[in-house]
Amino acid sequence: MEISLEGKVALVTGVGPNIGSGLALALAKYGAKVACNDVSDDSIKACIARIERNGGEAMAAPGDVTDEEVVKGYIQSVLDRWGRLDIVVNNAALLGGRGVLDESAETFEKMVKVSALGTFLNTKHGGRAMAERGIKGSIICVSSSNGWNGSAGVIAYAFHKGGVNNFVRAAAMDLAPYGIRVNGITPTAPNPDNPELLAERARQGLGPGGVLVTGPGPGLGGPTGDEEWRRPSRWTGQRPPMVPMGTTGTPTDLGHAVAWLCSDYARLITGTDLVVDGGARAKNFAYFPAAPEDLAGPLPLITLDDTPPFEG
Ligand SMILES: NC(=O)c1ccc[n+]([C@@H]2O[C@H](COP(=O)([O-])OP(=O)(O)OC[C@H]3O[C@@H](n4cnc5c(N)ncnc54)[C@H](O)[C@@H]3O)[C@@H](O)[C@H]2O)c1
């Protein structure tokens with residue numbers, strides 16, 4: 001009973017070197033052919049190279065997920081090349097931003113647009129490509145813990161990820177008559193594990209999470225002003241352990257979960273959200289787990305990338 005995506009074709013949006021590339025690699029390692037979308041040609045090239053050196057098959061599907069003609073165009077190019085589409089992963093998004101007192105209308109609109117229109121248009125035209133061909137496919141929307149709970153400093157991100165969560169349920173209803181499933185997946189600050197990205201961050205003097213190794217991390221969102229009326233938005237002292245299993249995992253953990261959710265074993269799972277975070281979201285606000293070093297920890301990670309570590 002092996003999970004296999006052999007014979008399936010996937011489209012992953014926003015294949016930057018962190019989560020998008022990890023999900024694309026996972027789908028390829030489980031046997032799918034993968035079309036890689038991004039606005040960055042460099043990210044697409046790097047993702048295709050990563051898939052190919054790991055024995056998979058990939059193609060480029062470049063372009064802006066918010067432009068309907070562009071979306072139709074790259075989906076058509078996937079159909080022209082491979083004749084079908086079984087899986088769409090709506091991963092492209094703009095992260096970061098600022099809190100409600102400081103966010104600009106321009107940034108708010110831009111961030112919401114990428115997530116809202118990108119997720120809608122790729123689900124619309126991906127769903128049509130499936131329905132027209134009688135393909136009982138799977139559409140995944142990448143959410144975030146910020147779509148379920150509040151954090152200071154990320155008002156646009158919180159707004160669009162919250163929208164993604166109910167989009168999943170409504171689109172699942174629209175597509176259920178065709179046997180097409182729509183589900184969300186919720187990561188919580190996974191630890192990057194793409195060897196190329198880790199090497200790049202090391203070269204820049206950054207830690208694996210992209211935070212300066214020498215100084216305090218900037219946390220989520222932009223800085224607040226220094227007017228007299230300002231109040232701090234977050235605790236800056238030492239934090240107690242926050243994750244029940246000691247780790248929120250990696251993009252590889254997300255990739256295994258997405259591959260299973262896109263497999264035929266998950267044929268009746270639709271309109272739901274799969275949380276891959278070591279129990280972080282389930283935790284009661286007043287409960288702090290024991291220190292990670294005192295925990296048994298999860299099972300060892302089943303790795304998917306055979307790339308030897310890149311030189312830092
Ligand atoms: N990194 C985290 O800690 C974290 C946590 C929870 C959820 N997520 C979600 O996971 C997904 C990936 O996160 P990531 O950390 O890999 O982000 P990332 O910024 O590294 O990658 C996002 C990619 O989307 C692309 N993109 C942006 N706008 C686009 C557009 N209009 N058209 C096509 N591509 C576009 C970017 O070029 C980039 O490569 C996002 O949906 C994010 O919200 C991330």
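Bear in mind that the values in this text are calculations on the coordinates, not laboratory data. Owing to the predicted nature of the structure, the values given are computational and were not obtained by experimental measurement. Neighbour counts are summed over all protein chains in view; Cβ atoms, including those assigned to glycine, are modelled from backbone coordinates with ideal geometry.
Only residues that are surrounded by 10 or more Cβ atoms within 10 Å (Cβ to Cβ) and outside any loop (DSSP other than H, G, I, E, B) were counted across the stretch 293-310, and they come to 1. In the set (1) in a helix (DSSP H, G or I); (2) more than 11 Å from the ligand (Cβ to nearest atom); (3) farther than 15 Å from V142 by Cβ, A26 fails one condition alone, (3). Each residue in the stretch 130-150 was checked for being touching a Lys or Arg at 6+ places or on another chain (Cβ under 8 Å) and either closer than 19 Å to V78 by Cβ or outside any helix (DSSP H, G or I) (or both), and 11 pass. Residues in the stretch 90-111 that are more than 9 Å from the ligand (Cβ to nearest atom), assigned to a loop (DSSP other than H, G, I, E, B) and either in contact with a helix residue (DSSP H, G or I) (Cβ under 8 Å, 6 or more places away or on another chain) or closer than 18 Å to N37 by Cβ (or both): G97, R98, G99, V100, E103. The numbered conditions (1) buried (at least 21 other Cβ atoms within 10 Å of the Cβ); (2) away from the ligand (no atom under 12 Å from the Cβ); (3) under 16 Å from G163 (Cβ atoms) are all true for L121 except (2). How about the stretch 75-97: which of its residues are buried (at least 19 other Cβ atoms within 10 Å of the Cβ) and under 20 Å from the mean Cα position of the chain (by Cα)? Correct list: I75, L85, D86, I87, V88, V89, N90, N91, A92, A93, G97.
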